[in-house]
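Where a number appears in this text, it was derived from the coordinates with a stated rule and is not lab data. Computed from a prediction, not measured in an experiment: that's the story for all the values here. FYI the Cβ positions are ideal-geometry reconstructions off the backbone, even for glycines, and counts take in every protein chain you see.
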Amino acid sequence: MVEETVKRELVVPGDLLDAPGLKPGVGTFSEGGKIYAAMLGIRTERAGYINIVPLGGRYIPRPGDAVIGKIVDIGPSHWLLEINSPYPAPLHTNEVPWRVEYGDTARYLDVEDVCLIKVLSVDETKRVQLTMKEHGLRKLSGGQIVEISHSKVPRVIGKKGSMISLIKGFTKCRMFVGQNGRIWIDGEVDDIINAIQAIKKIEDEAQVLGLTESVASMLEEIYGPSRVE
Amino acid sequence: MELEKPLLDENKRRIDGRAVDELRPIRIEAGVLKRADGSAYLEWGENKVLAAVYGPREAHPRHRQDPAKALVQCRYNMAAFSVSDRKRPGPDRRSVEISKVISDAFSFVVFKEQFPRTSVDVFIEILQAEAGTRCAGLTAAAVALADAGIPMRDLVVSCATGKADGELILDPGKEEDNLGQADLPVAVVPRTEDIVLMQMDGHFTPEEFRKALRMSIDACKVIYEIQKDALRTKYAVTTEEPVEVQETIDTQIKEE
């Protein structure tokens, strides 16, 4: 992973990005040889490209994303999942770890079931395909789902997973953060409530510096310092 | 309707005390609604406008979807209590037209091809009206679109120029709009000065028209800064670096 530069600059659509020698990347466009910001976000530079990290917006699936989806419809050879994006996402029977007979889909996964899945492919017209064939992908049973803005997922995870392991360490909950902004939490009821509280705090204060420390002190107040790992 | 005093006095001051090239005070706040993907509230003189943006989301009805690009749909609506005589609620000829011209204006700047088969829905609610609501609505909606994280070439800004007592006046107020001789609302992409909306009511001479257009565009650039400030204020304290999440998400699965 290439280190990102330290320069943080908030840009709005149409802002001229002064970038000598850099190529237009995600969230930018070039016009007349100059690069402009296409969306509201933070300007970043890496590997010769200038990118805008968005501060909002809907989740747009990308291949390889691990997401949490809810089954909304069943066909004879596929399930249709809602993954918090503008596009419905089918999961074909070839992409599940079981051998499913034609028309027998409902025996394995039913409407309203929630799954941990990966985006297999997204074509140019944004047709999405999902897969459950990788290790660790499965149907989620028990627990709770909380939804946050997908742009705040990096904050909930933290640098090298520091934030998420902090919350897991204190609450002893099993958690999974999907890239579409859905978070699955399972554990004791009180612990789940505390974990949700911590996540809401992160969502509300996503821009604040030293967030990991303030979340740590919030959880310490509840559990005492002994639970730190 | 007859006004007792003229629209312009001997010092070319307008009835509300403004100079001929002076805007009414404008205030914009971004991100005021929680449920919408993006929103903005704007006060422009006595105009009060709320704009909300949803999307990109699956376009309905399905046959309206475009497999190559997103639809930009706009609904301009005046609240029943927005004017002094109660406005009969619901779409009428005027608001259908304004909705259409505003959606066309935004269609020009939004990168529609990034979101095939979806629609971006813009809702503009006029809570209180005092002339120039289409400009106010469009200006607010542009901020709401940016707040929703929709990729765009630039924000869109709008401002009108009118004519009263034979004199060009920027941003006509209520009396000037009702009793003036002409009105020219214009929406532009400030960076390139592309005109994305232009309507005219009344009569201008060709020279007056050119001058009025110039006045509107220059005023738009002033309002553009107010729009950008509104967005910057909302997201001011964003300082920490974004983190690369892909690897961590994958390790999450392995841990499970």
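Descriptive notes on the structure:
- Proxy reagent accessibility, fewest Cβ within 10 Å first, across A:Trp98, A:Trp184, A:Trp79: A:Trp98, A:Trp184, A:Trp79
- In degrees, nearest ten, helix B:246-255 long axis to first principal axis of chain B (Cα): 40
- Structure remark: mean-square fluctuation, Gaussian network model of chain A, C-alpha springs under 10 Å; the largest value among A:Ala195, A:Ala47, A:Ala19 belongs to A:Ala47.
- Pairs of lysine residues in the range A:120-215 that meet both criteria, 8 or more places apart or on different chains and Cα atoms under 18 Å apart, total 10.
- Relative contact order (%) - criterion: Cα under 8 Å, at least six apart; region: chain B: 20
- Long-range amide H partners of B:Met152 with built H, under 5 Å: A:Met39, B:Phe111
- With a 10 Å cut-off around each Cβ of B:146-158, the average count of Cβ atoms from other chains is 6.
- Between helix B:133-147 and chain B there is an angle of about 20 degrees, using the helix long axis and the longest principal axis of the Cα atoms.
- Here, P(r) means the percent of Cα pairs in each 5 Å bin from 0 to the largest distance; for the range A:97-229 it is 2, 9, 17, 19, 18, 12, 10, 7, 4, 2, 1.
- Residues whose amide H falls under 5 Å from that of B:Thr161, counting only those 5 or more places apart or on a different chain, are B:Asp171, B:Leu184, B:Val186, with hydrogens built in the peptide plane.
- Legend: ranking of residues B:Glu130, B:Glu46 from fewest to most surrounding C-beta atoms inside 10 Å; resulting order B:Glu46, B:Glu130.
- A cut-off under 9 angstrom between Cβ atoms defines the neighbours of B:Arg57, and their net charge, with Lys, Arg +1 and Asp, Glu -1, is -2.
- Kirkwood-based shape ratio for the protein assembly as shown, expressed as Rg/Rh from alpha carbons: 1.04
- Kirkwood Rh (inverse of mean 1/r, distinct Cα pairs), the range A:1-87, angstrom: 15.2
- The P(r) of the range A:163-229 has a tail past 20 Å containing 21 percent of all C-alpha pairs.
- Given charges at Cβ of Lys, Arg, Asp, Glu: the protein assembly as shown dipole, positive-most of A:Met218, A:Leu140, B:Pro172: A:Leu140
- Taking only alpha carbon atoms, the range B:1-104 gives an Rg to Rh ratio of 1.09, where Rh is the Kirkwood radius.
- log₁₀ of I(q)/I(0) at q = 0.12, 0.16 Å⁻¹ - the range B:25-162, Debye sum with one point per alpha carbon: -0.44, -0.78
- Peptide A:21-34 shows a mean partner chain C-beta count of 1 within 10 Å per residue C-beta.
- For chain B, the Cα-based Rg and Dmax, in that order, read 20.5, 80 Å.
- Compactness of the range B:105-242, taken as the C-alpha radius of gyration over 2.2 N^0.38 Å, stands at 1.16.
- Shielding by partners for peptide A:150-163, expressed as the average number of C-beta atoms from other protein chains within 10 Å of each residue's C-beta, is 4.
- Dipole moment magnitude, nearest 20 debye, the range A:111-229 about Cα centre, only Lys, Arg, Asp, Glu C-beta charged: 480
- Taken over the Cα atoms of the range A:62-143, the convex hull encloses 90 Å³ per residue.
- Which of A:Lys139, A:Lys34 has the fewest Cβ neighbours within 10 Å, and the rest in rising order: A:Lys34, A:Lys139
- With contacts taken as Cα pairs under 8 Å and at least 6 residues apart, the range A:99-229 reaches a relative contact order of 20 percent.
- Multiplying each eigenvalue of the alpha-carbon gyration tensor of chain A by 5 and taking the square root yields semi-axes of 32, 28, 13 Å, largest first, rounded to whole angstroms.
- Relative to the longest principal axis of the Cα atoms of chain B, helix B:93-109 runs at roughly 50 degrees.
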